[in-house]
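The values are calculated or read from the model by the stated rules, or taken from the named source; none is laboratory data. Predicted model, so just to flag it, every value in this text is computed and none were measured. Here Cβ is always computed from backbone atoms with ideal geometry, including for glycine, and neighbour counts include all displayed protein chains. Areas reflect the complete protein model, heavy atoms only, side chains present, ligands, DNA and RNA absent. Shrake-Rupley method; radii C 1.70, N 1.55, O 1.52, S 1.80 Å.
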Amino acid sequence: MNWKGVMPAITTCFTNNLSVDDRFMAEHCRWLLDNGCTGIVALGSRGEGATLSVDEKLDVLRTCVEAVGQRGPVVASISALTTSEAVTLAKAAADLGCDGLMVLRPYVYKGDWREMKAHVAAVFEASPLSCMLYNNPIAYGTDFVPEQIQELAAEHENFEAVKESSTDARRVSAIRALLNRRLEISVGVDDAVLEAIGVGATGWIAGLANALPRESLELFTCGLHGESDKAFELYRWFLPLLRMDTVPNFVQLIKLVQAEVGIGNARVRPPRLELVGSELAHAQTIIRDALRSRPQSVGQYAVPNEK
């Protein structure tokens, strides 16, 4: 499993009646790979996994695996209300041909370290697949600190990567100090990507890459290769959009950017609702201003397979 590079945590596209749009999701996966992304992460927070039934989750994974083929890894986000359901999903993801798992803490319940360790360990042990631990204390209220990550790494050989979304770049360097290169580390907060790369991150589980994969790839590559002037120039342009990944309505905003560039629509499942009124107008102004000065022309993008 290659955890390096830019892997979008893909949104889940819905039809007019809010059923999953399998056809578009397959097209979206192919388009992202055509434009340089190294893999696909499905069913995460950006993918509105909490609103999908188990059957829908399995259908999404099946669609992604079939669309991607051998072109790159498909990673299944594993999150559920119960440990038993998370284990069931982990086993099913392997059976469907996924290449890795991104393991989240359980929905709703915010337990202590003993409980959270037992939950993620059960998922690790249920699957032969390479696993990434998703740490997002701001959104989920559970913080896997570097010493706890070290403990998990010592006990589970297939625990191979961390998605670090604490927004504190020092966490990346702290994990590196304890574990050296035992784990790959991906940044999971779009507006902290350069900072995280600077202290050892080698991957980006990206949000705005859903709509702007070429710019995301260019930013990541410049940061990784130490092209600081070029990276900062692109970062300065990109930041108003990247910051949309860090607020509670990030799914609505990212889908709105997709709609503005013609790759998807703005539909979300309740309890999320589409943006309206002044909030919508403000977001559209930011997006359209950025797109008018975008560094990559639309002509430089690979053309989607189907409209």
Out of the helices (runs of 4 or more DSSP H) lying entirely within region 1-107, which hold 2 or more residues that are within 15 Å of the chain's Cα centre (by Cα) and not small (Gly, Ala, Ser)?
22-34, 54-68
Identify, by number, the condition in (1) among the hydrophobic types (A, V, I, L, M, F, W, C); (2) crowded, with 20+ Cβ neighbours inside 10 Å; (3) at pLDDT below 95 that Val120 doesn't meet.
(3)
Extreme residue, surrounded by the fewest Cβ atoms within 10 Å (Cβ to Cβ), among residues of region 146-176 that are in contact (Cβ under 8 Å) with a residue 60 or more places away in the chain and part of a strand (DSSP E or B)
Glu160
Given (1) among the acidic types (Asp, Glu); (2) assigned to a loop (DSSP other than H, G, I, E, B); (3) buried (at least 20 other Cβ atoms within 10 Å of the Cβ), where does Glu274 come up short, assuming only one miss?
(3)
Determine, yes or no, whether Ala209 is modelled with pLDDT of 95 or more, in contact with a Cys (Cβ under 8 Å, 6 or more places away or on another chain), part of a helix (DSSP H, G or I) and surrounded by 22 or more Cβ atoms within 10 Å (Cβ to Cβ).
yes
Candidates Leu242, Leu234, filtered to the one that is open to solvent by less than 30 Å² (accessible area, probe 1.4 Å) and more than 29 Å from Ala50 (Cα to Cα):
Leu234
Need the failing condition index for Ala67 against (1) out of contact with any strand residue (DSSP E or B) (no Cβ under 8 Å at 6 or more places or on another chain); (2) small (Gly, Ala, Ser); (3) surrounded by 19 or more Cβ atoms within 10 Å (Cβ to Cβ); (4) under 23 Å from Glu155 (Cβ atoms), just the number.
(4)
Of the criteria (1) over 30 Å from Arg181 (Cβ atoms); (2) open to solvent by less than 20 Å² (accessible area, probe 1.4 Å); (3) in contact (Cβ under 8 Å) with a residue 40 or more places away in the chain, which one Leu253 fails
(3)
Condition test on Glu215, is it among the acidic types (Asp, Glu), open to solvent by less than 10 Å² (accessible area, probe 1.4 Å) and in a helix (DSSP H, G or I)?
yes
Every residue in region 195-236 that is more than 20 Å from Thr11 (Cβ to Cβ), free of Cβ contacts under 8 Å to residues at least 60 places away in the same chain and under 18 Å from the mean Cα position of the chain (by Cα), please.
Glu195, Ala196, Ile197, Ala201, Thr221
Somewhere in region 185-194, is a residue over 20 Å from Gly47 (Cβ atoms), in contact (Cβ under 8 Å) with a residue 12 or more places away in the chain, touching a strand residue (DSSP E or B) at 6+ places or on another chain (Cβ under 8 Å) and open to solvent by 40 Å² or more (accessible area, probe 1.4 Å)?
no
Ile287 in contact with a Pro (Cβ under 8 Å, 6 or more places away or on another chain) and touching a residue at least 40 places away in the same chain (Cβ under 8 Å)
no
Considering Val60, Val41, Val54, which residue is open to solvent by less than 10 Å² (accessible area, probe 1.4 Å), closer than 17 Å to Ala80 by Cβ and touching an Asp or Glu at 6+ places or on another chain (Cβ under 9 Å)?
Val60
Any residue in region 20-38 that is farther than 12 Å from Ile10 by Cβ and open to solvent by less than 20 Å² (accessible area, probe 1.4 Å) sitting within a Cβ distance under 9 Å of a residue that is in a helix (DSSP H, G or I) and among the basic types (Lys, Arg)? List the pairs, counting only those 6 or more apart or interchain.
Asn35/Arg214
